[in-house]
Amino acid sequence: MAALFKFSYVSEIGQLAKSDWDRLMAEDNPFTAYDFLHALESSGSVCAETGWQAMHLTMHRQTQVDDSDSELVAMMPLYLKTHSYGEYVFDWAWAEAYERHQLDYYPKLVSAVPFTPISGTRLGLSETLTAEDKLQLVRQLTDFLAQTLQALAGSSWHILFHHKQEQQLFQQVGHLTRLGTQFHWFNRDYQHFDDFLASMSSRKRKNIAKERRQLQEKNLNFRFIEGSDISEFDLQHFYRCYQTTYLKRSGHGGYLNIAFFRELIETMASSVRLLIVDQISEEGALPIAAALYFVTQQTLYGRYWGCLMEIEGLHFETCYYQGIEYAIAQGLKKFDAGAQGEHKVLRGFEPIETYSAHEVLHQGFREAIAAFTEQENVQIHSYMAQLKQILPYKKLANDN
């Protein structure tokens, strides 16, 4: 007999038990942790007013026909969206096509970590579920979300930046697959930064050494601060840098408010590292830039950065080379420095696949989007193959 599942929404993560969330979503990833998502909501960075209305899903397996006894077996972060900002899997063209045909694309449902293009668990599953149970759950989940969208007059639902295993599970039940690419650095047992440079071709190695040498002449000091040691002064400096970067790039002060970062420091101090850049002069040390990092047992994540003074090469040093040095010193296996930026490839970051799944209710648009994603997936594979050809590593270059 096929398993039956009961689905329920909650309007804020605070209505869920932290122990249940972290048990089902458990992984070496701070961004799917209860505390990170709670900080987004409690700070007001994520709410209906910002276009991210929480509708987190709980899934119980019914163990009796009368539903008097059930087991919590799955959870999913889920949001009702009225726009496509802060997602990093871009579907603006889909929304525009709907509009041209006088149809509403919004609202839509999105399973993601808001403003965070980092892969992780999106459907947290109990270890008690068999492979067939998981497949049956996703089938029933698909029907349940379709009913919700019809009631809301919504167009579609999307799972962004989930693990490949989840992608394969949703693909099995017919969801559209979309590929993307990011650039990650991998630690091949380097003991020092010079070991990393030694793995590169001569020209690429000299280019990086030159970039760093030119910056050394600017009398800069780089210091990592552990989460528990971050002062209010440090936080205010970082947030000013963060807002300055967004103002230059997007014309607004950023998606995240200072209350969000303050709560992160309070609840996730062991995972947070703040890099402060000081310019040293006779008058003392003047903070001019900052970057916020997260660290786990295996991985370093670079997330937010900004500067108050434009210095050539400062971004690369602050966001890439300092992170690589930190990862090597701490014996971390991987450094994820954030989305986009093929310029990372020449600095040792390798292209990796990212995954998203999509379900569209309108049959005509679903067929058109399916054709688009198939073509796009071919283009992504070709793009990644081209990037791998220009990787700066001697051994990898020979292998290619």
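So for the chain, Kirkwood radius off the Cα pairs, Stokes-Einstein at 4 °C and 1.567 mPa s: how many µm² s⁻¹? Mind showing how you got there, number by number?
Numbers: Rh = 22.8 Å.
It comes out at roughly 57 µm²/s.
What is the packing order of peptides 22-29, 125-132, taking the mean over residues of other C-beta atoms within 10 Å and listing the highest first?
22-29, 125-132
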Considering only the chain, percent of DSSP beta bridges that pair antiparallel, nearest 5 | 90 percent
Sorted by packing (mean other beta-carbon atoms within 10 Å per residue), highest first, where do 229-236, 283-290 land?
-> 283-290, 229-236
Going 7 Å from the Cα of HIS362 in the Cα-to-Cβ direction, what parts of region 67-104 have a backbone nitrogen less than 12 Å from that spot?
-> 94-104
From the cross-link list LYS18/LYS134; LYS134/LYS388; LYS81/LYS388; LYS164/LYS344; LYS206/LYS344, the entries with a Cα-Cα span beyond 25 Å are LYS134/LYS388; LYS81/LYS388
Roughly to the nearest percent, how much of the accessible area of region 31-189 is carbon and sulfur, given a 1.4 Å probe?
-> 49 percent
Expressed as a whole number of Å, what is the distance separating the alpha-carbon centroids of region 218-248 and region 52-101?
-> 35 Å
Please give the peptides 253-264, 376-387 ranked by average Cβ packing (other Cβ atoms within 10 Å per residue), highest first, as a rough proxy for protection.
-> 253-264, 376-387
Hey, how many Å between the Cα centroid of region 155-199 and the Cα centroid of region 308-376?
-> 9 Å
State the answer as a single residue: which of VAL10, LEU274, LEU149 lies farthest towards the positive end of the charge dipole of the chain, with beta carbon charges of +1 for Lys and Arg and -1 for Asp and Glu, about the Cα centre.
-> LEU274
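The values are calculated or read from the model by the stated rules, or taken from the named source; none is laboratory data. From a predicted model like this one, the values you see are computed outputs, not experimental measurements. Positions of Cβ are generated from backbone atoms using ideal geometry, with glycine treated the same way; all protein chains shown enter the neighbour counts. The protein model used for the area step is the full one, side chains on, heavy atoms only, and it has no ligands, DNA or RNA in it. Shrake-Rupley method; radii C 1.70, N 1.55, O 1.52, S 1.80 Å.
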